[in-house]
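Here is the structure we will look at.
The values are calculated or read from the model by the stated rules, or taken from the named source; none is laboratory data. Remember, predicted model here, so these are calculated numbers, not experimental data. Note that each Cβ is placed from the backbone with ideal geometry, even for glycine, and that neighbours are counted across all protein chains shown.
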Amino acid sequence: MADYIHGTINNPMAIYEMGPGAATMEKLMVNWMLNKVGWLKSDKLLETNYEICKGAGILTHGGSLANLTALLAARANASPEAWTKGNNPKMVVMASQNAHYSVAKSLAIMGLGYDNIVEIETDKNEVIKPKSLEPIYKKLKADGKIVMAVIANACATSTGLYDPLEAIGKFCQKNNLWFHVDGAHGTSALLSNTKKSLLKGVYLADSLVWDAHKMLQKSALCAAVLFKKQQHLHQTFKQKGSYLFFEKDNVGFDLMANAIECTKSPLGTKLFMAVAYKGEAGLAKDITLTYNRTAAFYKLISANKKFECPYIPESNILCFRYRDFGDDLQLKLRNELVKNGNFYITTTTIKNVRYLRIAIMNTQTTSKHILSLLKEIETIAKTMI
């Protein structure tokens, strides 16, 4: 319904005068998200006074744009002159090997390049080891490097596992480093009383990405990039456009100056309708359900001697393998499965080992579906032996 209304009205809203209702709704929903993280100083979700609000944020058309916006803010913080004079060649970013591909893409777009990603050590499941941060950082300092940001996953899109945010956040706080959390998939766990502990320490971050079109049941695309300090959002871009940006105070509040997009759809309105339909309690129930069912599916798959799982799942993402096959055949298994048309799954690598991967997004997915999936995989495997 929200997409239908937007498609019919076709009303851009990045300038307040063009879409005051939609702009106000985005402010409301961003403040709602900030409140969940602990970054809203005011108890009013429609608070617009930046002197009162603690944090700030903006909705973007997808997590890739959100990550790019966050990293641009980190660059503005580390090197304010970069907007006009270009990048400091000494800047680097610390991230794990399973950071979302949009992180590397963003750094390339910014002109920093893939080679300036310094890899953080991870465990066997590619979860960051906090103890590895100090020696890496000391070496970078000794080499004259400037760490623009430290990036963590909440959760990793590949495995669904959460990095230890509190320990990483305290390290960044101690060394005055920008801490960015890519929580595109897993930040929604904040709504669940039993799962929000997975994000312990997220408030220590300087920036956070949260996709509404994943676990908040919002249609694509709708992602938030949130900042602990509102000035970090407002200093990110230094753009001019006399026909859009005014040097004097104008009615309402414009969002365009803080966004990559010039034209924006009413993302806040669509998010509001999605949340209003289910309610916070309803969304929390569904998030908890999909997380718990994935844990149950882990036990179901592990009980079958033909399969193995590399870890106990923390979210609604689970990886597993057909025991008798190597990496090439795991990929072939998946491709044949998709060709049959009954199931759609993906694959990923963990420490260079190929696994099949499922993401339980639908609350109607049950053990019956998983058993059928395993049965079909076994049937396909027999034809490949």
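When residue 300 is tested against (1) more than 24 Å from residue 162 (Cα to Cα); (2) touching a helix residue (DSSP H, G or I) at 6+ places or on another chain (Cβ under 7 Å), only condition (1) is not met. Pairs linking a residue in region 106-122 that is touching a residue at least 24 places away in the same chain (Cβ under 8 Å) and closer than 23 Å to residue 350 by Cβ to a residue that is assigned to a strand (DSSP E or B) and of a type outside the set (Asp, Glu), with Cβ atoms under 6 Å and 6 or more positions apart or on different chains, are 117/93; 117/95; 118/92; 118/94; 120/94; 120/128; 122/128. Hey, does region 175-192 have a residue that's among the charged types (D, E, K, R), at pLDDT 95 or above and within 11 Å of the chain's Cα centre (by Cα)? So far as region 175-192 goes, yes, one or more of its residues are among the charged types (D, E, K, R), at pLDDT 95 or above and within 11 Å of the chain's Cα centre (by Cα).
Considering region 196-213, the residues that are of a type in the set (Gly, Ala, Ser) and not in a strand (DSSP E or B) include one that is surrounded by the most Cβ atoms within 10 Å (Cβ to Cβ), namely 205.
Listed here are the residues, each with its yes/no results for (1) of a type in the set (Asp, Glu); (2) outside any loop (DSSP other than H, G, I, E, B); (3) buried (at least 22 other Cβ atoms within 10 Å of the Cβ).
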residue: 147; (1), (2), (3): no, yes, yes
residue: 152; (1), (2), (3): no, yes, yes
residue: 170; (1), (2), (3): no, yes, no
residue: 173; (1), (2), (3): no, yes, no
residue: 184; (1), (2), (3): no, no, yes
residue: 189; (1), (2), (3): no, yes, yes
residue: 220; (1), (2), (3): no, no, no
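You will find that of 41, 85, the residue that is surrounded by fewer than 18 Cβ atoms within 10 Å (Cβ to Cβ), free of Cβ contacts under 8 Å to residues at least 12 places away in the same chain, among the basic types (Lys, Arg) and farther than 21 Å from residue 143 by Cβ is 85 and no other. Taking region 215-244 as the range and being of a type in the set (Lys, Arg) and at pLDDT 95 or above as the test, only 228 passes. Any residue in region 272-288 that is on the phi < 0 side of the Ramachandran plot sitting within a Cβ distance under 7 Å of a residue that is hydroxyl-bearing (Ser, Thr, Tyr)? List the pairs, counting only those 6 or more apart or interchain. Hits for this filter: 284/192; 286/363; 287/188; 287/192; 288/192; 288/194.
Taking the criterion of being under 30 Å from residue 218 (Cβ atoms), part of a helix (DSSP H, G or I) and in contact (Cβ under 8 Å) with a residue 40 or more places away in the chain, the residues of region 331-384 that qualify are 337, 367, 370. Taking the conditions (1) under 17 Å from residue 224 (Cα atoms); (2) in contact (Cβ under 8 Å) with a residue 60 or more places away in the chain; (3) not aromatic (Phe, Trp, Tyr) in turn, residue 31 satisfies each one other than (2). For residue 48, are the conditions met, namely being part of a loop (DSSP other than H, G, I, E, B) and either touching a helix residue (DSSP H, G or I) at 6+ places or on another chain (Cβ under 6 Å) or within 20 Å of residue 258 (Cα to Cα) (or both)? Judged against the criteria, residue 48 is a match.
With respect to the stated conditions, residue 350 is crowded, with 19+ Cβ neighbours inside 10 Å, over 18 Å from residue 195 (Cβ atoms), out of contact with any Phe, Trp or Tyr (no Cβ under 8 Å at 6 or more places or on another chain) and not basic (Lys, Arg).
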